[in-house]
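J.: Structure in structure tokens, see below.
The values are calculated or read from the model by the stated rules, or taken from the named source; none is laboratory data. Note that the structure is a prediction, hence the values are computed from the model and not measured. As a convention, Cβ positions derive from the backbone with ideal geometry for all residues, glycine included, and neighbour counts pool all protein chains shown. Calculation scope for accessible area: heavy atoms of the full protein, side chains included, ligands and nucleic acids excluded. Shrake-Rupley method; radii C 1.70, N 1.55, O 1.52, S 1.80 Å.
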Amino acid sequence: VFDPLITLTTDFGDGTPYVAAMKGVILSINPEARLIDLSHRLLPQDLTHAAFFVREALPFFPPQALHVIVVDPGVGTERALLYVEVGGTRLLAPDNGVWTLLAGDEPPVVRRLANAGLWRPTVSHTFHGRDILAPVAAQLSLGAKAESVGPITARWESLHLPTPTRTASGWHGEVVFVDNFGNLITNLRAADIPVHGATIQVADRAVPRRVRAYGEAAAGNLVALESSSGWLEIAVVNGNAAERLGLGRGATVGVAVEESQLPT
Amino acid sequence: VFDPLITLTTDFGDGTPYVAAMKGVILSINPEARLIDLSHRLLPQDLTHAAFFVREALPFFPPQALHVIVVDPGVGTERALLYVEVGGTRLLAPDNGVWTLLAGDEPPVVRRLANAGLWRPTVSHTFHGRDILAPVAAQLSLGAKAESVGPITARWESLHLPTPTRTASGWHGEVVFVDNFGNLITNLRAADIPVHGATIQVADRAVPRRVRAYGEAAAGNLVALESSSGWLEIAVVNGNAAERLGLGRGATVGVAVEESQLPT
Amino acid sequence: VFDPLITLTTDFGDGTPYVAAMKGVILSINPEARLIDLSHRLLPQDLTHAAFFVREALPFFPPQALHVIVVDPGVGTERALLYVEVGGTRLLAPDNGVWTLLAGDEPPVVRRLANAGLWRPTVSHTFHGRDILAPVAAQLSLGAKAESVGPITARWESLHLPTPTRTASGWHGEVVFVDNFGNLITNLRAADIPVHGATIQVADRAVPRRVRAYGEAAAGNLVALESSSGWLEIAVVNGNAAERLGLGRGATVGVAVEESQLPT
């Protein structure tokens, strides 16, 4: 597949010329490339945030899109740069594990970028997004074959979000993402937690109510619900749970289920 | 009309995967869609801000554009989702009134989204922007007829900005928007206020000077002028009026006009 | 050359309708225009930031792109608006010098926008980006000739970043930009400073180590290195130098070179 659709996801922020430079490099090679900004405000050098973002966003795209993801605290070291096909998604990223949460049952195809003929003639030590990933993306969008970027590799970094643990009465998990509304997204699957007969705590605060949608409780109520991606989410209706509770990523979440409701 | 031009306006912020998910859904249905970001930093769940933004921005677009506006504190409740044609503008939004300031003399055409065949197969309770509005926008951009989205309705929520009142000597209004430069945009039409012989106050501060352009007064001066959309605006030349005065949306604005200047 | 590629760079921020209005104006004139956002978060009315951004970003774009750059503290005064061809880059901007760092050996071609037939019918005193620059950009993207925008002028504002000075033992420079990671970009060319035998100070702090890439030192180390554009950069590995040192733009940078290493 080749296609002009290239998405860009970085932690560069919006006031710096780095995003613009990548766009310029791509459009200089393929003026027909269609650039889609996903986010340039991932938390700086925060691979956990990037991995969460990638898992929640990329599966919605069509397979012909090519995703360039640059969160790169290791730039300039010996870490590799990768081309990956995983679960119907194609992406380019430093070898930092940001894509590994996408892996399902089928093994990914991973290539180590090695063909410097596709790169910018001069490669800096501090900006491989501009000097390697952007031109390789542009070449792929023009029809370069995946094989041309470099050889298949069987080694890559993996990154895992914290996983919940089973307890005698339920689960122990944690907050893995806070969104723009202050909603706390946890690593617990909402479908596992019965709607009746479960008590939910975040840090040492009880969450008094489980709802299906924010609007089922009055404004200001602390509620638990299923997030748009199926996770247990803790929210304040029309408010900001993170601010109100003073909590963020890493806050512990305890779920206790009445014995009769425990899955067997 | 159908056209690949789809604009996106949300309060999702830029660090979350929600905007990206909507883009992916649209491009999966219509890979030729041309996505234009208007803003993803509307104030969270602030319908007044959204309505102001919509009124100031959308009329500049060509009629073939389709605008998707997602500020949705009522997601998951019984509030409807709407397709609207109003004053040459076509848009999709929750039924929260954000578009009603666009209504002029001609009555709008409003449809309630009801054809679930155009939606994502599974609809969450917390993200109708992704599960309903995005796929409907994509289908319309592919040529689906407006009639196909759902039946015409004669009921919708309306939203009003505060309106100014006449006083014995002039008007009493308020600040309805603060821009990125700290300029205070009011709800008073600048053309109504004579350039000479009017005194202007914001909160309890006199605004000593009326100018046509910022540059007519020296840096640091507090001035009143006509905003780029015709509103009375209060600004500090090359400075930030909101910070300097410690004022924001809702601050009262009083205008007193010399008797000889009062409109009859 | 005419081409649908138009980039937008402003200091408008993302929550205001001003960027959207410019996009609407362009697409109303040329619905096929391809809009590329470079940044809308330049520091408000900060021409130095804008000039740095322009110099670092625009040279990466292909020559057919047309760049619209709106940082315009003088809007509404007699300052001109310009069309510029400089070093293979085409741009539209107020006459405020933001493009002059792009000038190389070849003289730029500069035109003063004067043909109001290309503008919006009504031009406000506070938003020439929307009323003049956007429609002129759209007309050029449709094939209007550069000659049609207005006459060639030999006068324009120039803007200079502070230049370093030679001292008895090396150079005295300063920080000219702080990026999203807190890296301090200076006005000293890294290639001029020998890797061994040079001592580097920022404000009164010694920078103990010179590296090629962030990853060559352990996390938390204060290092100097060559930025992705060739400047001497001061960084904290996987950290934020600006926050850690409490320094920003304008901080002094001293370089002392051992006599044997001084260029002759």
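J.: Just name the residue that is farthest from residue B:250 (Cα to Cα) out of those in the stretch B:151-173 that are among the polar types (S, T, N, Q) and more than 15 Å from the chain's Cα centre (by Cα). Give the derivation first.
T.: Initially, the stretch B:151-173 is screened for residues among the polar types (S, T, N, Q), giving B:153, B:158, B:163, B:165, B:167, B:169.
After this cut, where a residue has to be more than 15 Å from the chain's Cα centre (by Cα) as well, the list is B:153, B:163, B:165, B:167, B:169.
Numbers: B:153: 33, B:163: 11, B:165: 14, B:167: 18, B:169: 21 Å.
Result: B:153.
J.: Then there's this: Restricting to the stretch A:160-173, and then to whatever is of a type in the set (A, V, I, L, M, F, W, C) and in contact (Cβ under 8 Å) with a residue 24 or more places away in the chain, can you tell me which residue is surrounded by the most Cβ atoms within 10 Å (Cβ to Cβ)? Outline the logic, then answer.
T.: Restricting attention to the stretch A:160-173, the residues satisfying the condition of being of a type in the set (A, V, I, L, M, F, W, C) are A:161, A:168, A:171.
Okay, now just the ones that are also in contact (Cβ under 8 Å) with a residue 24 or more places away in the chain, so A:161, A:171.
Details: A:161: 14, A:171: 22.
Step by step, filter the stretch A:160-173, then rank; the result is A:171.
J.: Within the stretch C:174-210, can you find the residues that are hydrophobic (A, V, I, L, M, F, W, C), surrounded by fewer than 19 Cβ atoms within 10 Å (Cβ to Cβ) and more than 17 Å from residue C:249 (Cβ to Cβ)? Outline the logic, then answer.
T.: Applying the first criterion (hydrophobic (A, V, I, L, M, F, W, C)) to the stretch C:174-210 yields C:175-178, C:181, C:184-185, C:188, C:190-191, C:193, C:195, C:198, C:200, C:202-203, C:206-207.
Those left that are additionally surrounded by fewer than 19 Cβ atoms within 10 Å (Cβ to Cβ): C:190-191, C:195, C:203, C:206.
Those that are hydrophobic (A, V, I, L, M, F, W, C), surrounded by fewer than 19 Cβ atoms within 10 Å (Cβ to Cβ) and more than 17 Å from residue C:249 (Cβ to Cβ): C:190, C:191, C:195, C:206.
J.: Tell me whether the stretch A:120-127 contains one or more residues that are more than 14 Å from chain C (Cβ to nearest Cβ) and within 22 Å of the chain's Cα centre (by Cα).
T.: Within the stretch A:120-127 (the criterion being more than 14 Å from chain C (Cβ to nearest Cβ) and within 22 Å of the chain's Cα centre (by Cα)), the answer is no, since none of the residues qualifies.
J.: For the stretch C:65-85: of the residues being at pLDDT 95 or above and over 14 Å from the mean Cα position of the chain (by Cα), which is farthest from the other protein chains (Cβ to nearest Cβ)?
T.: For the stretch C:65-85, the residue satisfying everything is C:83.
J.: Among the residues of the stretch A:4-38, write down those that are in a loop (DSSP other than H, G, I, E, B) and more than 7 Å from chain C (Cβ to nearest Cβ). Don't jump to the end; show me each part of the working.
T.: Start the filter on the stretch A:4-38 by keeping residues that are in a loop (DSSP other than H, G, I, E, B), which leaves A:4, A:11-17, A:30-33.
Once the filter is applied, which keeps residues that are in a loop (DSSP other than H, G, I, E, B) and more than 7 Å from chain C (Cβ to nearest Cβ), the stretch A:4-38 yields A:4, A:11, A:30, A:32, A:33.
J.: So the check is Cβ under 6 Å with 6+ separation or different chains; which pairs have a first residue in the stretch A:1-20 that's closer than 24 Å to residue A:144 by Cβ and a second one that's open to solvent by less than 10 Å² (accessible area, probe 1.4 Å) and assigned to a loop (DSSP other than H, G, I, E, B)?
T.: A:4/A:33; A:5/A:65; A:6/A:33; A:7/A:65
J.: Which residues, counting only those in the stretch B:39-60, are facing another protein chain (nearest Cβ under 9 Å), open to solvent by 10 Å² or more (accessible area, probe 1.4 Å) and without any contact (Cβ under 8 Å) to a residue 60 or more places away in the chain?
T.: Those that are facing another protein chain (nearest Cβ under 9 Å), open to solvent by 10 Å² or more (accessible area, probe 1.4 Å) and without any contact (Cβ under 8 Å) to a residue 60 or more places away in the chain: B:40, B:41, B:43, B:44, B:45, B:55, B:59, B:60.
J.: Okay, next question. Looking at the structure I just gave you, is residue C:109 closer than 24 Å to residue C:3 by Cβ, in contact (Cβ under 8 Å) with a residue 12 or more places away in the chain and open to solvent by less than 10 Å² (accessible area, probe 1.4 Å)?
T.: no
J.: Would you mention how many residues in the stretch A:138-153 are part of a helix (DSSP H, G or I) and more than 14 Å from chain C (Cβ to nearest Cβ)?
T.: Filtering the stretch A:138-153 down to residues part of a helix (DSSP H, G or I) leaves A:138-142, A:146-149.
Okay, now just the ones that are also more than 14 Å from chain C (Cβ to nearest Cβ), so A:139-141, A:146-149.
Residues meeting the conditions: 7.
J.: Out of (1) surrounded by fewer than 18 Cβ atoms within 10 Å (Cβ to Cβ); (2) more than 14 Å from chain B (Cβ to nearest Cβ), the odd one out for residue A:221 is which?
T.: Exception for residue A:221: condition (2).
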